[in-house]
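Have a look at the structure below, then the notes.
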There are 2 protein chains.
Amino acid sequence: MDKFLKMINENNFKSKFKKGNFGIEKENIRVDKNGEIASTDHPKIFLEDNEFIKRDFSESQIELVTPAVSTVLEAYNYIRNLHNIASLELNSDEYLWPQSNPPVITDVNKIKVAKLNNLEEVKYRENLMQKYGAKKQLISGVHFNFSFKEDLLKDIYNTLNCNKTFREFKDDLYFKIGRNFLKYKWFLVYLTGASPVFHKSYCNKCTKSSERIGREDYYLKGIYSLRNSKCGYKNNEDYYVSYNDLNSYVEDVYRLIQDKCIQSAKEYYSPIRFKTKNPKNVLENLKKDGVEYIEIRMLDLDPTEQCGVSLDTLYLMHLFLLYTAFKGDEKYTIEVHNEIIENDNKTLDNKDEKFVKIDGKDVLIEEAGFKIISELQKIVDTLFDGDEEYKKVLDIAKIRFLKPETTISSRIINDIRESKYSDYFIDLSKKYLEESKKEAFKLIGYEDFELSTQILIIDALKNGIKFDILDRDENFISLNYKGHIEYVKQATKTSKDSYITALIMENKLVTKKVLEKNNIRVPKGGYYEKIDDALEDFYKYENKALVVKPKTTNFGIGISIFKASPSFKDYKRAVEIAFSEDRSILIEEFIEGKEYRFLVIEDEVVGILHRVPANVTGDGEKTIKELVEIKNMDPLRGKGYKTPLEKISLTEIEETFLKESNKDFNYIPKSGEVVYLRENSNISTGGDSIDFTDDIDESYKKIAIECAKTVDAKITGVDVMIQNIKEKANINNYGIIEINFNPAIHIHCFPYKGINRKVSEKVLKLLFKEINFNERYGM
Amino acid sequence: MDKFLKMINENNFKSKFKKGNFGIEKENIRVDKNGEIASTDHPKIFLEDNEFIKRDFSESQIELVTPAVSTVLEAYNYIRNLHNIASLELNSDEYLWPQSNPPVITDVNKIKVAKLNNLEEVKYRENLMQKYGAKKQLISGVHFNFSFKEDLLKDIYNTLNCNKTFREFKDDLYFKIGRNFLKYKWFLVYLTGASPVFHKSYCNKCTKSSERIGREDYYLKGIYSLRNSKCGYKNNEDYYVSYNDLNSYVEDVYRLIQDKCIQSAKEYYSPIRFKTKNPKNVLENLKKDGVEYIEIRMLDLDPTEQCGVSLDTLYLMHLFLLYTAFKGDEKYTIEVHNEIIENDNKTLDNKDEKFVKIDGKDVLIEEAGFKIISELQKIVDTLFDGDEEYKKVLDIAKIRFLKPETTISSRIINDIRESKYSDYFIDLSKKYLEESKKEAFKLIGYEDFELSTQILIIDALKNGIKFDILDRDENFISLNYKGHIEYVKQATKTSKDSYITALIMENKLVTKKVLEKNNIRVPKGGYYEKIDDALEDFYKYENKALVVKPKTTNFGIGISIFKASPSFKDYKRAVEIAFSEDRSILIEEFIEGKEYRFLVIEDEVVGILHRVPANVTGDGEKTIKELVEIKNMDPLRGKGYKTPLEKISLTEIEETFLKESNKDFNYIPKSGEVVYLRENSNISTGGDSIDFTDDIDESYKKIAIECAKTVDAKITGVDVMIQNIKEKANINNYGIIEINFNPAIHIHCFPYKGINRKVSEKVLKLLFKEINFNERYGM
């Protein structure tokens, strides 16, 4: 290994090892609120061809699959996002069982094979059920997919200058990893094993040599992962398969199939698999194309983590795989094979100390563990310059070997001692669902994206649509559904709107002219390029409420609003202010009413929103300050536009505003009394967003749709001033203020009051006509 | 009149009178290079439904029609533009005859009736030919359409508070204008008459009482406009029609039709007509809807003006019409009618002084003229605050009345004395065509628009497509073809490209990723958000020519180009410079070759352009300085981007550049020697644009089209680096540098070397699928 590390160091490869191709798969059983396996169907929204969210063995077993990404952290974030997405789309009162061992099975007939359209897959599962029993098939876990970056492998291959082809070099490397991985797997199982306890309903045989906790829960002393033991997810016999090279491996697996020990290669339950580009006919493709990546299948679901696996564990996996790649190895013989099986099932029996069998000798696991840790340390030092994330992994490993009671499995056993298998895990499930709810608007790892883009991607994943980032700063992504690519910027800038449509909406003067020509009610008024022309027209505006504004306005700068008609002096001043901001100005009548944002997507009003200034509602007991504190606890409220709403601040501005009505922060509003804290209704200053989608007269919706049609906009935010939302629109009681080419999505999904209008899914529906959204959403 | 002016003054209406609805129509005979009527067909490009460029009576008679615009100046510019457009699309060696009286007619059979599809119109013309003779129908002129702005009329109506309906008030006003106009028409004829001389082939009868100039040209002393005299464009009898009110007028014209004096209202050749919104069934519509506007038909083509009418004359017309509106009036009787006819035909006979008959008395025309001028002066002073344009009109009028030899007609007679009717006018025609050629890229009155937009509008008008300006600063227009509206910004931002297509092209990083993913050859390299990452990758770029640039580049700021591979020190410096301009940078291989701009419209390469630095080619005699002066005389070269090319400057930069090869501005290049004056090839610094559309291997065109398709662009400028334009494209000899979402059009229409690729018509073809461009252009 030292030789290898030296070569890496000398050739400046070391910084390249942090990147690789990482992927995670994990399974969870869907359970009801009592922790019993759910009898409902897989949520309809996840179609059978969804690449990310699938059914595994059972109809009640969800499998989440990330694509390959370049860093461990990305893979971790990806699985967290998929976990949240899946959790939030479960049938009501259902949860993801956070533990590898199955929930309490009161009736084995409740375990249904996945109801797939692919009948071959159904048949395969039925065979498994018969062969291994349904319960064993419910065992769930986490798979870790890994390969080196091809460029790096090529650079190393070129440096080594060995007598192999690149293909041979690569295959041999992955088989070396395979051999070392199996040999040292006990190290990982000790550190990550998280399925020590099982319910008696799982398996009578296994209860025999086990210890009991409470009335119905059992565990085997020294077995950290039941799943990795003979009671776990194993073939009926411990078949020997050679890992010495690709050919002998393929030959041996073929033999098992021929001997009818297994139906196909995928029934060979090895903790490590060699995968090919094309997932079908693995053995044939292995011979044809060689190893594309490896799949590590021994990780238990970690019930102490919301998403079933910790970032530390993933870093450990990466580090360990590098170790198996660099470490010297030996032939994979029957003896080695048997030693591995022995270690999987070595219990403490009556001893106090745990041993592992290494090269025929029993070694104290602590001693053997620290030996590996010291070698991992070298890798961290050489490859990762003592990177904190990887160092932390080793610190945790050291503690767990020094203090066996700190392992995940020990902690679980302890916790269950104080509770009950079923209660303990269903409580965790419920807690995790609450956490997912709080993160519903968040694409973890992409919090720098605008909320609208995060939400759009979340819904893309939910629908099995892949995404790629083209320009992160600009929220520029591509979406890919089975090869159909759509480019999207800032969630609503798409291929469906024409360039000129956006340019019309961007230009307030042009927008107004176009709407007006099409007989849409906009504020009447004039456009001026010269101060004198504007002043000369004063007589036109006499006795009218007015808005005077620069042609291009940003943040309201240069705008004057006269809710009563201005004097000529005030009018002149307003005109001058507006001209100081732009070369041309607009003077418009001021339309009375409240402003509502109509989000129109493809000739449909999908959401209507109204904003009100920051406020609290009294309970007759708490002060304004206390009420604000409580209101700010809402997870929708955050700071710096990372959440759909902003926390209310109590600054001088709010203080001054309250003073006007002789109140201060210590004022106690009466029960039901609404106290406003500011004049302006911006969300950014703590304003509330209120969904009015179902509350506004249809006539206004028709007008908003007409606006969109006039400029041929497929996605637009129409701002309408309305005097009375219950009164039909007429020429005098409303006006179109603006139409926006890049309307926010998130405000309609996560309003302060009202329901999630799922508008991002309408965007996806617009982009991907081939997906049948209607069927699943009733759209 | 004074009362009227006072009312206007008191009510702050005066500034409103400058605006109105103004339109101009004019006819010209197409002639060949000898000044004979052209025997070719009307240019195929002007379809029968073209609203702006039509056939009048004869197939060889072009009629240009402006829409109604708000100011005199706009109308003037419009007719100039139409004149240029029509002139430049004539068959080769054809010209527009600049004179109202017909050209020399050697064979009356050469006069063909317009070959229209509308057979009714053809029949009408055939009847006219029989009734009046073909020659008289060739008489051409200028029509001036006018109405007040409706708002202004309403304001006046409301102020006057009279006992009429608004409709009655308006009709009465226009009929008052009609009466006064006819009565004082002699004033206009004196000032604007421009058809004094005719060729003997025109009319034998007319030659009788005329004076002869040279061998074949005649004129009548004291007749400034033959066209307005009994020899001109008149009905066979001077029918009396009442102008006292709308009803009696309509009745009288009906009577003429019933009596078979005329076929329809439009055969009643009055110098003023009352028009309705709907141009069909004028009499019926007059009774139904009243007068919409008036048409003044007495203006001669002014052969001293390129476009047939001067701006001064148009201002005079406007002023005069206001005068007729404000002036007190009297009943239109047979006596008044006869006096008008008398004035039309009053020759000098043997007298030296010209008289006009006013209210039964002969008055010296000078005296009568000055009386009207003094009243016009009042209007100018009251309504236009002594505005220069209108004041100038009066100054000209004064001189013409004081010195009869300065009238247009006198000047024409004088000029023809020194030449010949035919030669004089055909020489003018040729001169005017040259002037039109120099203005080919210009939309007069809209020189503030980008050249691409000017050219697009020119081609729109050519194709009978109307335009409106939505935002002048932004080159934002709408085009309207029979109700089909297309919005266009900066000539190439249209409804045909999707918004995301533009956004992809706008973002160089995204463009590159998208092209690369679609296997298009772009410069290889990396994208960096951190300086350290870029520096770490130095080894990747060793031994390569490089470009280091900020992600967003403007005018080349922050870009470093290494045509040979840089040292680490230079590389580091370049990276730092790039990062000082942007948060992220691109490092790319430098692709050898010359850069060509491929303009792709709708999957077709419509133009290829290459730019070379400012240069001169020697003749063995002239100095560089002299050669530059000559090159700068090209009308395509101007200053400040108002022309397709910029004048070459001889500044310090050029001096320094020449010094490198030991030359200075006084160096005399050998014959054929090309001397470059700068390093950079920008057009803005005098560079030449060279059309390569037909010179580049097809393989590159396919690639450019592929680029456009990849981002789904309907209009794009693809910048390609090519090593050898005659060699087929391969992976090593070219690269795509950029694709541009708003490519310039004009560079392909007016290159320094090469032909006009008419690319703006390709844009129109893209926008208006219903127009059959292929037929007319062979597109």
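The values are calculated or read from the model by the stated rules, or taken from the named source; none is laboratory data. Just so we're clear, the structure is a prediction, and the values are computed from it rather than from any experiment. Cβ coordinates were reconstructed from backbone atoms using ideal geometry, including for glycine residues, and neighbour counts include every protein chain displayed. Accessible surface areas use protein heavy atoms only, side chains included; no ligands, DNA or RNA. Shrake-Rupley method; radii C 1.70, N 1.55, O 1.52, S 1.80 Å.
Separation of the stretch A:40-107 from the stretch A:647-685 is 44 Å, based on Cα centroids. Please work out the Cα center distance from the stretch A:1-38 to the stretch B:366-419, rounded to the nearest Å. The distance from the Cα centre of the stretch A:1-38 to that of the stretch B:366-419 comes to 94 Å. Computed over the stretch A:413-490, the range of Cα coordinates on each principal axis works out to 53, 27, 17 Å, biggest value leading.
Cross-link partners among lysines for residue A:728, C-alpha distance below 19 Å, same-chain residues fewer than 8 apart left out? Correct list for residue A:728: A:594, A:701, A:702.
Ranking B:173, B:196, B:207 by Cα position along the charge dipole of the stretch B:137-226, where only Lys, Arg, Asp and Glu carry charges on their C-beta atoms, puts B:207 farthest toward the positive end.
In the calculated pair-distance distribution of the stretch B:31-71, the portion above 17 angstrom amounts to 38 percent of the Cα-Cα pairs.
What is the angle, in °, between the Cα long axis of helix A:334-345 and the longest principal axis of the Cα atoms in chain A? Nearest 10 is fine, range 0 to 90. On a 0 to 90 degree scale, this one is about 60. The contact residues of the stretch A:487-501, meaning those that lose at least 30 Å² of 1.4 Å-probe accessible area when all protein chains sit together rather than their chain alone, are A:487, A:489, A:493, A:495, A:498, A:499, A:500. For the protein assembly as shown, the solvent-accessible area with a 1.4 angstrom probe is 43 square angstrom per residue.
Mind putting a number on the dipole of the stretch A:480-622 about its Cα centre? Charges go on the C-beta only, +1 for Lys and Arg and -1 for Asp and Glu, and I need it in Debye to the nearest 20. Spell out each step's value before the answer.
Working: 24 positive and 23 negative charges, 32 e Å.
Dipole magnitude for the stretch A:480-622 comes out near 160 debye.
By the Cα gyration tensor, the stretch A:731-779 has an equivalent ellipsoid whose semi-axes, rounded to whole angstrom, run 26, 15, 12 from largest to smallest. Considering only B:296, B:256, B:274, and ranking their Cα positions along the charge dipole of the stretch B:244-316 that arises from unit charges at the beta-carbon of Lys, Arg, Asp and Glu, the one farthest toward the positive end is B:256. In a DSSP loop and with at most 15 other Cβ atoms within 10 Å, the GluC sites (Glu not before Pro) in the stretch A:494-567 are A:529, A:542. The Cys residues in the protein assembly as shown with no partner Cys Cβ within less than 4.7 Å of their Cβ are A:162, A:261, A:307, A:707, A:749, B:162, B:261, B:307, B:707, B:749. The trypsin sites (Lys or Arg not before Pro) of the stretch A:204-257 that DSSP puts in a loop, and whose beta carbon has at most 11 other beta carbons within 10 Å, are A:208, A:215. The charge dipole of the protein assembly as shown, taken about the Cα centre with unit charges on the Cβ atoms of Lys, Arg (+1) and Asp, Glu (-1), comes to about 1680 debye, rounded to the nearest 20. Backbone phi angles across the stretch B:445-455, fed through the Karplus curve with coefficients 6.51, -1.76 and 1.60 (θ = phi - 60°), yield HN-Hα couplings of x, 10, 5, 6, 6, 4, 4, 4, 5, 4, 5 Hz in residue order; Gly and Pro are listed as x. In chain B, the longest principal axis of the Cα atoms and the axis of helix B:311-326 are about 50 degrees apart. Magnitude of the charge dipole for chain B, about its Cα centre and with charges confined to Cβ atoms of Lys, Arg (+1) and Asp, Glu (-1), is about 1160 debye. Hydrodynamic radius of the stretch B:569-626 by the Kirkwood approach over all distinct alpha-carbon pairs: 16.5 Å.
Out of every Cα-Cα pair in the stretch B:265-318, what percent are more than 13 Å apart? Don't jump to the answer; show the numbers that get you there.
Numbers: 939 of 1431 pairs.
Across the stretch B:265-318, Cα pairs with separations above 13 Å total 66 percent.
For chain A, the longest principal axis of the C-alpha atoms and the axis of helix A:150-160 are separated by about 40°. Averaging Cα coordinates gives a centre for the stretch B:208-227 and one for the stretch B:507-534; these two points are 78 Å apart.
Convex hull volume of the C-alpha atoms in the stretch B:293-431, normalised per residue: 151 Å³. Note: chain A, Cα convex hull, 203 Å³ per residue. Over all Cα atoms in the stretch A:671-728, the spread is summed up by Rg and Dmax: 15.0, 48 Å. The antiparallel fraction among DSSP beta bridges confined to chain A stands at about 95%.
Think of the stretch B:530-573 as having a plus end and a minus end, set by charges on the Cβ of Lys, Arg, Asp and Glu; of B:567, B:535, B:550, B:550 sits farthest toward the positive end of this dipole. Can you give me the % of accessible surface on chain A that is carbon or sulfur? Probe 1.4 Å, all protein chains present, nothing else counted. Here it works out to 47 percent.
Cross-linked pairs A:164/B:544; A:221/A:391; B:183/B:346: Cα-Cα separations exceed 20 Å for A:164/B:544; A:221/A:391.
Here, the stretch A:1-151 is characterised by an Rg to Rh ratio of 1.11, where Rg is the alpha-carbon radius of gyration and Rh the Kirkwood radius.
Out of the stretch A:567-654, which trypsin sites (Lys or Arg not before Pro) are coil in DSSP terms and have no more than 12 other C-beta atoms within 10 Å? Filter output for the stretch A:567-654: A:583, A:639. Look at the stretch B:466-472: the mean tally of other chain Cβ atoms within 10 Å of its residues' Cβ atoms is 4.
The calculated P(r) of the stretch A:436-476, using every Cα pair and 5 Å bins from 0, goes 6, 24, 33, 26, 8, 2 in percent. Annotation for the B:A interface, with buried accessible surface near 3300 Å², both sides summed [1.4 Å probe; non-protein components not counted].
The alpha-carbon atoms of the stretch A:617-658 define a convex hull whose volume equals 79 cubic angstrom per residue. Legend: P(r) of the stretch A:268-366 from all alpha carbon pair distances, 10 Å bins from 0, whole percents, reading 12, 29, 40, 17, 3, 0.
In the calculated pair-distance distribution of the protein assembly as shown, the portion above 56 angstrom amounts to 45 percent of the Cα-Cα pairs.
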